[in-house]
Amino acid sequence: MTNEQANNSNTIRTIGIVGCGQMGAGIAQIAAQTGYRVMLHDTRADAARNACTTLARTWTRLVEKGKLTADAAQAAQGRLSPVDRLADLAPCDVVIEAIVENLDVKRALFADLEGILAPNAILATNTSSLSVTAIAARLSRPQRVAGFHFFNPVPLMRIVEVIDGLMTDPEVGDQLLALGQAWGHVAVRAKDTPGFIVNHAGRGFGTEGLRVLAENIAPVAVIDRILRDCAGFRLGPFELLDLTGLDVSTPVMESIYHQYFEEPRYRPQPILKTMQAAGLLGRKTGRGFYVYGDAAQAPLPDTTWSGTPAATVWISPAHPELAERAVRLAKSCGARVSVSKQAEADALIVVTPLGEDVTSRIAAEQLDAARTIGIDTLFDTSRRRVLISNPALDPEWAARAGALFSADGVPADLVRDSIGLVTQRVVAHIINIACEIAQQNIASPDDIDRAVTLGLGYPAGPLAWGDQLGPAVVLALLDNLARISGDPRYRPSPWLRRRATLGLSLTTQEV
Ligand code: NAI
């Protein structure tokens, strides 16, 4: 932040909040706690006053927990004032709207506010799905309008996206950036594009998880546990969809897909519509991808492998680094690893695909399909192993493979043949979308990574994650996904291709 930006944020003293629901109250809380005067207005009778009462209770709880002093709580409370008339917001330097998500209603509100506020006041919208430019378009001062997009619950989700509309004066964005930081949030800057940063970057996880399910690679619970244990996501995609509710997440998926003119990278799956029709929305209706409440099933137990562990293993050297990891794993599980050029007749054949399916490796290396399995060694194998079958795999060899790779007590899942297995395709898809966000200059690489880790809780920022795996590895993986599937969904972003080709980090910006 420059000194000038800091000074600008210092001139902001009084904040107006219009719409005192969940988001408006949360924004009021952090503003008042950090020393700003906050005036609250809502068209619903008593909503502003009720929000102040609720915040008083929140602050009392924070004092009881030792997270806030009694003096600070009292001071924060003293900074709140509910107002009945919109005109009472006249002294505000910034007004943030968190009203109903409707373009016409937001436009009408901002038009009214233009007649009330000082000409240099800022009009900020908390919209998550509407265009900031469209909200500003018919106003007389569209340059004073910007997005200020918080996440729910505001005090805990310490990230805010500042969105510049096409007409926004850059100084307005600078001031909101400084304001967000002054309120203790990480403020990132984004162009006015569908989903901004977080909701755009978040399209990879759910849609690719759904795609894996749609291809019948593995059951819901298996996909979820693989992505938790091998990639480090807190929740699997189906656990997350159930938590958010399909009534909330499906419209977001569809809207971003359509706003990008049916870009295949964001394509949702028909199962969502079928489940919505049946009212299976997730936790809130007692059933979604899982069943909740009294009828809840026990978590799916890990597979127990009853076969005799394969004694000899031949590992394809096609991907040397991945093969080396498979060699170490097989040895640590007690197998002899054959070093002959070709697999002996009694050996389990193991391939380590990178974005390919096992069938493609069998064809490329002329392997005996009946005893060939794949294993994913690109990701963590210390908590769970992912074995991949092929349509001609002999069940006895499948059992011998499962018994071997779980011999040290770490569970092993066998999934059906799939390009990019499970974890590879999901993580590569997330990285690719983040690269495309950087390519389109929607946000800086640093802001993309910060927004995704804080907004989505992923184990790493997607660009940093791509660097950890190796940009060339991610590129090869996606090229294989695109080539074998023939689906443009997986075509690598030019941002990724150029940096991988030149041996650069995915966070490298061009001059
Ligand atoms: P909410 O329904 O809890 O609260 C909206 C409030 O606005 C209500 O109290 C309502 O009476 C009031 N309101 C509606 N029209 C009004 C008007 N014309 N003038 C004054 N007050 C009006 O909604 P919530 O969840 O707080 O969301 C508000 C906004 O924040 C929406 O635009 C939404 O897209 C956005 N948002 C919501 C997130 C969420 O997770 N709930 C996350 C990020 C953004």
Discussion item. Would you confirm whether or not region 253-269 contains a residue that is closer than 20 Å to ILE437 by Cβ, part of a loop (DSSP other than H, G, I, E, B), under 17 Å from the mean Cα position of the chain (by Cα) and not polar (S, T, N, Q)?
Written reply: yes
Filter region 139-171 for residues that are more than 16 Å from the ligand (Cβ to nearest atom) and surrounded by 23 or more Cβ atoms within 10 Å (Cβ to Cβ); the one that is farthest from GLU97 (Cα to Cα) is THR168
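Given the condition closer than 18 Å to GLU436 by Cβ and touching a helix residue (DSSP H, G or I) at 6+ places or on another chain (Cβ under 9 Å), answer yes or no: does some residue in region 211-228 qualify?
There is at least one residue in region 211-228 that is closer than 18 Å to GLU436 by Cβ and touching a helix residue (DSSP H, G or I) at 6+ places or on another chain (Cβ under 9 Å).
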When restricted to GLU215, GLU239, GLU208, the only residue touching an Asp or Glu at 6+ places or on another chain (Cβ under 7 Å) and of a type in the set (D, E, K, R) is GLU239
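Looking at region 70-80, which of the residues that are away from the ligand (no atom under 16 Å from the Cβ) and closer than 15 Å to LEU40 by Cβ is farthest from the chain's Cα centre (by Cα)? Steps first, please.
First pass over region 70-80, keeping only residues away from the ligand (no atom under 16 Å from the Cβ): 70-79.
Then keep just the ones that are closer than 15 Å to LEU40 by Cβ; that gives 76-79.
Numbers: ALA76: 33, GLN77: 35, GLY78: 37, ARG79: 35 Å.
Filtering first and then ranking leaves GLY78.
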Scanning region 187-205 for residues that are touching an Asp or Glu at 6+ places or on another chain (Cβ under 7 Å) and not basic (Lys, Arg), the one surrounded by the most Cβ atoms within 10 Å (Cβ to Cβ) turns out to be ILE197
If we keep only residues of region 99-134 that are of a type in the set (Val, Ile, Thr) and within 10 Å of the ligand (Cβ to nearest atom), then the residue surrounded by the most Cβ atoms within 10 Å (Cβ to Cβ) is THR125
Would you say TRP397 is of a type outside the set (Val, Ile, Thr), surrounded by fewer than 24 Cβ atoms within 10 Å (Cβ to Cβ), more than 23 Å from the chain's Cα centre (by Cα) and not in a loop (DSSP other than H, G, I, E, B)? yes
CYS92: passes all of (1) under 19 Å from ARG144 (Cβ atoms); (2) modelled with pLDDT under 95; (3) within 16 Å of the ligand (Cβ to nearest atom) but (2)
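Would you mind stating whether PRO91 is surrounded by fewer than 19 Cβ atoms within 10 Å (Cβ to Cβ) and assigned by TED's automatic domain parsing to the domain that holds ARG144?
Yes, satisfied.
Yes or no, residue by residue, for (1) within 16 Å of the ligand (Cβ to nearest atom); (2) more than 29 Å from the chain's Cα centre (by Cα):
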{"residue": "GLY21", "(1), (2)": "yes, no"}
{"residue": "ALA28", "(1), (2)": "yes, no"}
{"residue": "VAL38", "(1), (2)": "yes, yes"}
{"residue": "ARG44", "(1), (2)": "yes, yes"}
{"residue": "ALA48", "(1), (2)": "yes, yes"}
{"residue": "THR53", "(1), (2)": "yes, yes"}
{"residue": "ARG57", "(1), (2)": "no, yes"}
{"residue": "LEU68", "(1), (2)": "no, yes"}
{"residue": "PRO82", "(1), (2)": "yes, yes"}
The one condition GLU208 fails out of (1) surrounded by fewer than 23 Cβ atoms within 10 Å (Cβ to Cβ); (2) of a type outside the set (Val, Ile, Thr); (3) within 17 Å of the chain's Cα centre (by Cα) is (1)
Hey, any hits in region 228-242 for a residue that's of a type outside the set (D, E, K, R) and more than 16 Å from the chain's Cα centre (by Cα)?
-> yes
Picked from region 300-349 (must be farther than 18 Å from ILE388 by Cα and surrounded by 21 or more Cβ atoms within 10 Å (Cβ to Cβ)), the residue farthest from the chain's Cα centre (by Cα) is ALA343
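Run down LEU179, LEU241 and say which single residue is in contact with a Leu (Cβ under 9 Å, 6 or more places away or on another chain) and hydrophobic (A, V, I, L, M, F, W, C).
Checking each option against the conditions leaves just LEU241.
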Conditions (1) over 27 Å from ILE431 (Cβ atoms); (2) crowded, with 20+ Cβ neighbours inside 10 Å; (3) in contact (Cβ under 8 Å) with a residue 40 or more places away in the chain; (4) away from the ligand (no atom under 16 Å from the Cβ) -> GLY184 fails only (2)
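The values are calculated or read from the model by the stated rules, or taken from the named source; none is laboratory data. From a predicted model like this one, the values you see are computed outputs, not experimental measurements. Note that we place each Cβ from the backbone using ideal geometry, even for glycine, and neighbour counts take in every protein chain shown.
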